[in-house]
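I have placed the structure first, in the form of structure tokens, so that the comments after it can refer back to it.
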Amino acid sequence: MAGLTSVGVAAANNAQIALLTTQHNIANANTPGFNRQEAIQTTNFAQGTGSGFIGQGAQVETISRVYSDFLNNQVLSASAQAQFSDAFLAQVSQIDNALADSTAGLSPALQDFFSGANSVAANPTSAAARQSLLSGAETLVARFQSLSGRLDELRNGVNTQLQAQLTDINSYSAQIADLNQKINEAQSFNNQPPNDLLDQRDQAIAKLNEIVKVSIAKQTNGSYNVYIGTGQALVTGSKAATLALRDDPTDPSTKNVNYAFGNSFVPIPELSLESGGALGGLLSFRRTSLETAQNSLGRLALGLAQSFNDQHRLGQDLNGVLGGNFFSIDTSTSPLINGPINTPQSSAGSLAFTATGINAGKLTTSNYLVSYNGTDFTLTDTTTGVATPGLNEANLLLALSDVGLTLTTNSSAIPPGTPNPGDRFLILPTRNGARDISVALTDPSTIAVAAPIRTAANTANTGTASVSSGSVTSAYLATPLTASKSLTFNSGPPASFSVSPAASGPITVTIGTSAPTTYTNSSFNYTSGSVVTIDGIQFTISGTPSASDQFSIDRNTNGIGDNRNAVALAALQQNNTLANNAAGTPTTSYQGAYAQLVSTIGNDTRRTSNNSAAQQALLSSTTQSQQSLSGVNLDEEAANLLRFQQAYQAAAKIIQTSSTLFDTILNIK
């Protein structure tokens, strides 16, 4: 009877454990991260007898989680990528909306500004047209500054979000380390898996993985070592690293992720963290789309301001004065130069860079890092990663001029001043360009609409030659016309013109696309239709002149109705002034450069949106697969309740039967 009773009691206990496990599953059906549990029964050793082996019932060997490492890792991978895309998309779509807005974007302001320039060209004496041009310029500058401010807000917002995410990362890593300790202790007690603690740890890892992609290494004691990025340790057993946000040593406006060891900090390579998770999405957005948007917008602003200024200075205002700068550029901050960095630097005699000008056509959308090793400089394009080592100061400044920057240092010696080995200077040529331009003019009469020179043919000429109205180049500003120049034709051979008074420098003549031919400063050979340049004054003489025919070049006095420079200013809208190619020729206009920026950000947004949708679908699919295995099915659990209840009742019947049989024996007389 004892054997029958023990089998019945064991069966009842087994059924009770199964019932409790089922109830636990039902209670946690909506608990995040919970994995369904099962009571695993095994047969007890049978008792050997002469009649054979008699079964001794069953026992619950363990309570097992229904869990798949393969499916769980699939969910982690899909989740990290989905969070990465979502975080990137949330940021880049804000830039896309701002740039492409048909009302608040830059295109309407750019169109209105050049519409004002065309109005002045059509009505050079109109005060209303001039004022409209100034107003359009103010609106354009305000639009540049507004967009720049929005991009700065996004950069600051990324820093704020990164700080919040690091707080969560530190919290989850501490939880995982603590759970590692508890799991180790629990398993050491009875060598049984603490399922609920395992679920809690998996859930903490899943939440951590949503922020930064993780990889896991299982240890023999049941602990998990957790790594982020490309193998940076975050949790090792019961110890968790602490992450902190610190200023980038080369760019204080940018915050980087560091290991924190007391008051010491070790940076984690940014690219290593961009493999997944919301933190990776933010870092990738900042490094790619945001940097591209800020630099491209800044290049456009600086390029427009500088090229418009260059042409405006070649004109003459209503007061007969050569034009000044139409726009102001704050060269104290554009380009922005950070340095020296990370090394002690003596204030006396230390190397410093100062910006003195830009070349709009050569400006790129890259940032540059100048580093000094104690002997020479290395210039690195931080966008492309291309480095040019072995530069002395003169060659360094020359290399910077090749990318549109005119910089000087406080040292004229080579080797330069006293930089310390290890010093680094970050140069951001265009990031703040849209913020740092303004309108320099306030008086409409100072808009240089006219050309400063005029040409004329002598009324006594007998030939059929004519002279174009002429224009000036930047060389004219060094030698502005002070007295009339007379050009007298000599029939030759060779046919030529003599110039009186003589030019300040050589005279050049360009025929078609041929290279210019240089002549002395007092005469040049004549070819009909050729472009002649004298002291920065360009003109064309066409036709057949007669001997002694004369043409004159004079200052443009009383030229208030002249619109030649206004026409040239308006033409800048369509001219290619930006993005030099390998041959040094500008390849795009203002509108073209802005269209490229809008297209780039739009493509980033569309690509990320598609990726986000695909990753969400993949996450849904993998989660469904995982839940079909590990999730709680209430219908199934309800059926289990009935099954285990019946098993319990059957076990109780065994015990009752055993008791009845035992009583029967006792009652035998």
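What follows is calculated from the coordinates using simple rules that are stated; it is not laboratory data. Predicted model only: the values in this text are computed from it and were never measured. We place every Cβ from the backbone using ideal geometry, glycine too, and count neighbours over all the protein chains shown.
Under a 5 Å amide H cut-off, with hydrogens placed 1.01 Å from N, Leu351 pairs with Thr418 among residues at least 5 apart or on other chains.
Scanning residues 5 or more positions from Phe425 or on other chains, those with amide H under 5 Å from its amide H are Val370, Ser371, with H placed 1.01 Å from N in the peptide plane. Under a 5 Å amide H cut-off, with hydrogens placed 1.01 Å from N, Arg431 pairs with Leu336 among residues at least 5 apart or on other chains.
Put a plus charge on the Cβ of each Lys and Arg, a minus charge on the Cβ of each Asp and Glu, and nothing anywhere else: the dipole of the range 187-245 about its Cα centre is then about 200 debye. For the chain, what is the charge dipole size about the Cα centre, in debye to the nearest 20, if Lys and Arg each add +1 at the Cβ and Asp and Glu each add -1 at the Cβ? Once rounded to the nearest 20, the dipole reads 240 debye. Couplings 3J(HN,Hα) of the range 54-62, computed from phi: 9, x, 10, x, 9, 9, 7, 7, 6 Hz, in residue order, whole Hz [Karplus 6.51 cos²θ - 1.76 cosθ + 1.60, θ = phi - 60°; x for Gly and Pro].
Using alpha-carbon pairs under 8 Å, 6+ residues apart, how would you state the relative contact order of the chain in percent? Result for the chain is 19 percent. Ranking Ser500, Val532, Leu400 by Cα position along the charge dipole of the chain, where only Lys, Arg, Asp and Glu carry charges on their C-beta atoms, puts Val532 farthest toward the positive end. 3J(HN,Hα) along the range 531-544: 9, 9, 10, 10, 6, x, 9, 10, 7, 10, 10, 10, x, 10 Hz, from the Karplus curve 6.51 cos²θ - 1.76 cosθ + 1.60 with θ = phi - 60°, whole Hz, x for Gly and Pro. Net charge dipole, the range 359-505: roughly 440 debye, given to the nearest 20, about the Cα centre with Cβ charges of +1 for Lys and Arg and -1 for Asp and Glu.
In the chain, if the dipole is taken from +1 on Lys/Arg beta carbons and -1 on Asp/Glu beta carbons about the Cα centre, which of Gly433, Thr288, Leu4 is farthest to the positive end? So the residue furthest toward the plus end is Leu4. Could you work out how far the C-alpha centroid of the range 104-131 sits from that of the range 547-619, in angstrom? One Cα centre to the other: 17 Å.
Taking every alpha-carbon pair under 8 Å whose residues sit at least 6 apart, the range 182-279 reaches a relative contact order of 21 percent. Look at the dipole of the chain built from charges on Cβ: of Thr380, Asn209, Ile668, the Cα furthest out on the positive end belongs to Ile668. Residue pairs exceeding 18 angstrom between C-alpha atoms, taken from Lys255/Lys362; Lys218/Lys239; Lys207/Lys255: Lys255/Lys362; Lys207/Lys255. For the range 453-555, the equivalent ellipsoid derived from the Cα gyration tensor has semi-axes of 19, 16, 12 Å, listed largest first.
Using a cutoff of 8 angstrom between alpha carbon atoms and counting only pairs six or more residues apart, the relative contact order for the range 283-341 works out to 24 percent. Using the rule -39500 (n - 2.57) for each DSSP H run of four or more residues, divided by the residues of the chain, the 222 nm mean residue ellipticity is -14500 deg cm²/dmol. Here the peptides 533-546, 496-509 are ranked by packing, the mean other Cβ count within 10 Å, and the order with the highest first is 533-546, 496-509.
When we measure straight from the Cα of Lys653, which aspartates and glutamates land under 17 angstrom away, once same-chain ones fewer than 8 places off are left out? Once the sequence-local aspartates and glutamates are set aside, what remains near Lys653 is Asp663. Each principal axis of the Cα cloud of the range 41-81 was evaluated for its coordinate range; sorted largest first, these ranges are 65, 14, 7 Å.
From the P(r) of the chain, can you give the percent of Cα pairs sitting at distances over 40 Å? Cα-Cα pairs of the chain separated by over 40 Å account for 55 percent. Sorting 477-487, 172-182 by their mean Cβ neighbour count within 10 Å, with the most densely packed peptide first, gives 172-182, 477-487. Evaluating 6.51 cos²θ - 1.76 cosθ + 1.60 at θ = phi - 60° for every residue in the range 70-87, the Karplus couplings come out as 4, 5, 5, 5, 5, 5, 4, 5, 5, 5, 4, 5, 5, 5, 4, 5, 5, 5 Hz, glycine and proline recorded as x.
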